[in-house]
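Report on the structure given below.
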Amino acid sequence: MLPAGWAVTVFSQFMKSLYSMEDGNGPQSFSFLKHELPVRICNIMKEINLLPEKLLQMPSARTVKGWYQQTLEDLLEFEDSDDKCINLNTKFTEQLITIRNRHSNVVETMAQAVLEMRESYEYDQHEENNIQYFLNRFYISRISIRMLINQHTLLFGSAPKTHPRHIGSIDPNTDVVSVVADAYDSAKFLCDQYYLASPDVEIKTINSKDDSNNIHIVYVPSHLYHILFELFKNSMRAVMEHKGPSATDFPKIKVLITKGQQDLTIRMSDEGGGIPRTQIDQLFNYMYTTAPTHLNLVSLPFHLWLYAKYFHGDLTLTSMEGYGTDALIYLKVLSSEANELLPIYNHAVNRHYRANLTVSDWSSPMGGFRSLSLNSSRHF
C-alpha cells in the first residue's frame, strides 16, 4: 500500500473516469471504486494545498483537510485487495458508509472556515477569486464522490431497498411533477409553521415529445428534490415578506415544466419583490453568502446550482426588482448526455491558482460598455 502522502501525488496524475446515467453498478463496482475514489480524493487534496494560507490555517479548514486525509488512508487499505473476496466486499461497503458519514458536514464546515478567515484576515481580490474557483470544484467533486458511494452502498449494502424501481439513487423513470409537488409540500409545511400561511402553487406541464402531460426522465430524484425544496423555501419567504404580515391573499408560485428534445426545463416564478440585479451573482458567491451581514437577504445555499450542473444541467436566476424572481432549472432529457461534469487537476489548474492578480480592463467593476452615468451633468 502506498503511503498517503505519496498516494496524493500518484493518484492525482490520473484522469477521473466519468460516471454516466446509463451506467449500472455491476460485479466490478468494488474494483472500480477502490481505484476511482482515491483518484477523486487526491485530485481535490492537491487543490486544497494550493489555497491561500490564510484559509488553510483556519480550524475548520484543517478539520476538512483531516477528513480527506483519513478517507484516503481508509481507501488505500483496499488498493491491492482481491475483488472477488466476499468478506472484503462487505468490509469495503461498510467502510464507504463510514466515509459518507464522516463527510456529511463538509459543506457547512468549509463555509465556517471561510467565515473564520473573513473575521481574522484582510484578503485581496485574487485570493477571493481562488477561493471561489476552488469551492465550485470542491463541492461538485464532493457531490460526485457521494454519488458513487451512494450507488454502491444502496445496491450492495445490507439496508433494505426502499424504492424497488430505483437503481441505487437513480430513478430510470423519475416523475418530475411528483418531485415538484413533494418539494412544495415540504416547503409549505415550514412556511405555514413560521408565517401561519403560505402561497399556493400552480403547476403546468408542456411535453413536446408526445401528447402526454406526464413528464419522466432518468435522474436522481433526491438531487432534484433538494434544488426545488430550497427554491420553494426562498420563493415562499420572499412572497410572505414582500406582502407583509397584514396580507391575507398571496400570489401563487407558478411552476412550468417543459420537456423538449434535449432539455427538460423547470421554471419557478414568484411575485416576491425580486432581487436587485447587482446581487444576483452574489447569491452564489461563497465569500458573500457566508457573511452574517447579508443574512437578511434571500438566501440560497451557495452550492445549490452545482447539483444541476453535475449531470450537465444548470440553474439560473432572473429577477425583476419590485416584482419577482424566476428560477430556471435545466436538465438533460437523454440519459446518454447526462454524464458527470467533473473538475480535472492539471498544470492549467496549478497555474490558475498561482497567477498574479489581473488588473481590471473596465472602468467599472460591473464591466461592459458603461462609461457614462445617468447622473452625469455632461451631455452630448
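Overview of values
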{"item": "Residue in the stretch 74-90 that is modelled with the lowest pLDDT, counting only those that are surrounded by 15 or more Cβ atoms within 10 Å (Cβ to Cβ) and over 25 Å from the mean Cα position of the chain (by Cα)", "result": "Asp83"}
{"item": "Near pairs, Cβ below 7 angstrom, 6+ apart or cross-chain, from the stretch 223-244 (among the hydroxyl-bearing types (Ser, Thr, Tyr)) to any residue that is surrounded by 20 or more Cβ atoms within 10 Å (Cβ to Cβ)", "result": "Tyr225/Val179; Tyr225/Ala183; Ser235/Ile253; Ser235/Met268; Ser235/Asp270; Ser235/Gly272"}
{"item": "Count - residues of the stretch 326-348 that are part of a strand (DSSP E or B) and either without any contact (Cβ under 8 Å) to a residue 60 or more places away in the chain or of a type in the set (Val, Ile, Thr) (or both)", "result": "2"}
{"item": "Test: Thr205 is in contact with a helix residue (DSSP H, G or I) (Cβ under 7 Å, 6 or more places away or on another chain), in contact (Cβ under 8 Å) with a residue 12 or more places away in the chain, of a type in the set (Ser, Thr, Tyr) and within 27 Å of Ser29 (Cα to Cα)", "result": "no"}
{"item": "Test result for Ile227, in contact with a Phe, Trp or Tyr (Cβ under 6 Å, 6 or more places away or on another chain), in a helix (DSSP H, G or I), modelled with pLDDT of 95 or more and not assigned by TED's automatic domain parsing to the domain that holds Phe250", "result": "no"}
{"item": "Condition check for Ala183: touching a Ser or Thr at 6+ places or on another chain (Cβ under 8 Å), of a type in the set (Gly, Ala, Ser) and either free of Cβ contacts under 8 Å to residues at least 24 places away in the same chain or surrounded by 15 or more Cβ atoms within 10 Å (Cβ to Cβ) (or both)", "result": "no"}
{"item": "Members of the stretch 68-89 that are in contact (Cβ under 8 Å) with a residue 40 or more places away in the chain and either part of a helix (DSSP H, G or I) or under 17 Å from Arg142 (Cα atoms) (or both)", "result": "Gln69, Leu72, Glu73, Leu75, Leu76, Leu88, Asn89"}
{"item": "Qualifying residue in the stretch 67-81 (condition: over 29 Å from Tyr353 (Cα atoms) and either touching a His at 6+ places or on another chain (Cβ under 7 Å) or not assigned by TED's automatic domain parsing to the domain that holds Glu119 (or both))", "result": "no"}
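The values are calculated or read from the model by the stated rules, or taken from the named source; none is laboratory data. Note that this is a predicted model, so its numbers are computed, not measured. Methodologically, a virtual Cβ is constructed for each residue, glycine included, from the backbone with ideal geometry; neighbour enumeration extends over all protein chains shown.
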